[in-house]
Amino acid sequence: MMDGRALMRGKILLMDGSIRELLGLYGAPPDERALFDAPDTLASVYREFAEAGVDILSSLTLNANRFGLRPFGWEDKAYETARSGAALTRRIADSVEKPLLVAGTIGQIRSGHLRKGSLISQYKEQIRGLADGGADLLHLRGFSRPSLAECALEARDKCGCTLPVILTVEPLCPPLLPQIRLFYDRVAGRDLLAFGICGFYDRGATDLMRQVASFCRFPLVCCRDTEHGDALTSHRERAERLPRRLQLMAREGLLNIAGGNRGAFPSHLCGLRTAIGDLPPRKVPNFGF
């Protein structure tokens with residue numbers, strides 16, 4: 001197992017981007033089905049991101065739980081899907097000469113009727129699969145409900161998993177900072193590998209990260225969309241702006257991990273690697289760097 005904290009010393013780590021969208025462009029299922037129906041295509045996508053210079057590859061397991069796999073009739077394949085997702089990502093990471101971390105990706109279970117015990121049980125099954133498949137860390141990605149993030153963290157503890165955790169928050173609507181602060185206050189007592197934001201943010205994103213940096217004791221991560229139209233903005237961010245906007249954050253010493261989200265392909269990550277490659281990471285006293 002690789003040490004994420006050790007890799008973060010001295011440089012900003014680069015996380016991959018939109019694996020699902022790229023799978024769709026290649027004609028493969030843009031979800032967990034690709035693990036079994038198009039593993040070679042998925043492996044090629046991972047190799048493209050690895051060649052773009054990323055340091056973290058994310059497993060295709062965002063919804064690898066019983067509720068998330070129900071549309072495919074795969075409720076009983078949750079553990080197998082999570083393990084297979086981590087194992088395939090591990091295999092590609094190990095085939096590359098440079099050190100690559102494998103992030104076992106976990107999304108929030110989007111069900112309003114499941115009780116806490118059931119949520120924790122489903123997350124435990126997913127986490128066990130990711131750990132057994134060879135993940136180096138867990139990424140609770142794009143959570144908008146603190147209670148669900150807490151269920152996932154509790155599940156990690158209850159199944160005896162010791163993998164470090166990245167938590168990224170995707171607020172539902174403005175104002176953004178109070179929602180991020182609520183998440184942070186709920187997890188501030190834990191030993192997270194990194195904490196930050198995920199999704200689309202307008203030109204105020206750098207100011208938002210400044211505010212988060214003012215109270216966050218963890219390394220900071222930002223995974224941005226390249227273009228995404230919704231109620232938060234009246235414009236569509238052009239893809240080539242991704243490296244420039246994250247570079248602004250990095251120049252201010254606001255980042256430890258940077259990456260893409262919706263619409264971010266290997267070419268964008270390659271540009272981001274160039275843009276932030278020589279910039280130092282945010283100093284995090286509690287972590288010794």
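Each of THR41, PHE183, LEU242 was placed along the dipole of the chain (beta-carbon charges, centred on the mean Cα), and the one lying farthest toward the positive end is PHE183. Taking amide H positions as modeled 1.01 Å from N, with prolines and chain starts lacking one, the residues under 5 Å from LEU193 and 5 or more places away or on another chain are VAL165, ILE166.
If each DSSP helix of 4+ residues adds -39,500 (n - 2.57) and the sum is divided by the residues in the chain, what number results at 222 nm, nearest 500 deg cm²/dmol?
On the way: 11 runs with 122 residues, N = 289.
It lands at -13000 deg cm²/dmol.
Taking LEU163, LEU192, LEU62 as the candidate residues, the one with maximal mean-square fluctuation in a Gaussian network model of the chain, Cα springs under 10 Å, is LEU192. Full extension of the chain between ASP76 and ALA188 yields a length gain of 36.9 nm, computed as 0.36 nm times the residue separation minus the alpha carbon distance.
Computed extension gain for LEU177 through SER111, at 0.36 nm per residue and net of the alpha carbon distance, reaches 21.3 nm.
The relative contact order of the chain, computed from alpha carbon pairs under 8 Å that lie at least 6 residues apart in sequence, is 21 percent.
Could you pull out the pairs from LYS77/LYS98; LYS77/LYS158; LYS98/LYS283 whose alpha carbons sit more than 30 Å apart here?
Details: LYS77/LYS98 32 Å; LYS77/LYS158 21 Å; LYS98/LYS283 24 Å.
Where the Cα-Cα span goes over 30 Å, the pairs concerned are LYS77/LYS98.
If R0 is taken as 41 Å, the Cβ-Cβ distance between ALA6 and TYR26 corresponds to a FRET efficiency of 0.75. Summarised as an ellipsoid, the chain has semi-axes of 26, 22, 19 Å, derived from the eigenvalues of the Cα gyration tensor scaled by 5 and square-rooted, with the largest first.
Evaluated with a Cβ-only charge set (Lys, Arg +1; Asp, Glu -1), the chain carries a dipole of roughly 720 debye about its Cα centre, given to the nearest 20.
For ASP94 and ASP278, FRET efficiency with R0 = 25 Å and r from the beta-carbon atoms, rounded to 0.05? Walk me through the numbers before you get to the answer.
Values: r = 27 Å, r/R0 = 1.10.
So the FRET efficiency works out to roughly 0.35.
Positive end of the dipole of the range 4-282 (Cβ unit charges, origin at the Cα centre): among VAL165, ILE92, SER147, the Cα lying farthest that way belongs to SER147.
Bear in mind these aren't lab numbers, they're just calculated from the coordinates by the rules spelled out. Since this is a predicted model, take the numbers as computed values, not measurements. Don't worry about glycine lacking a Cβ; one is built from the backbone with ideal geometry, like all the others, and counts go over all protein chains shown.
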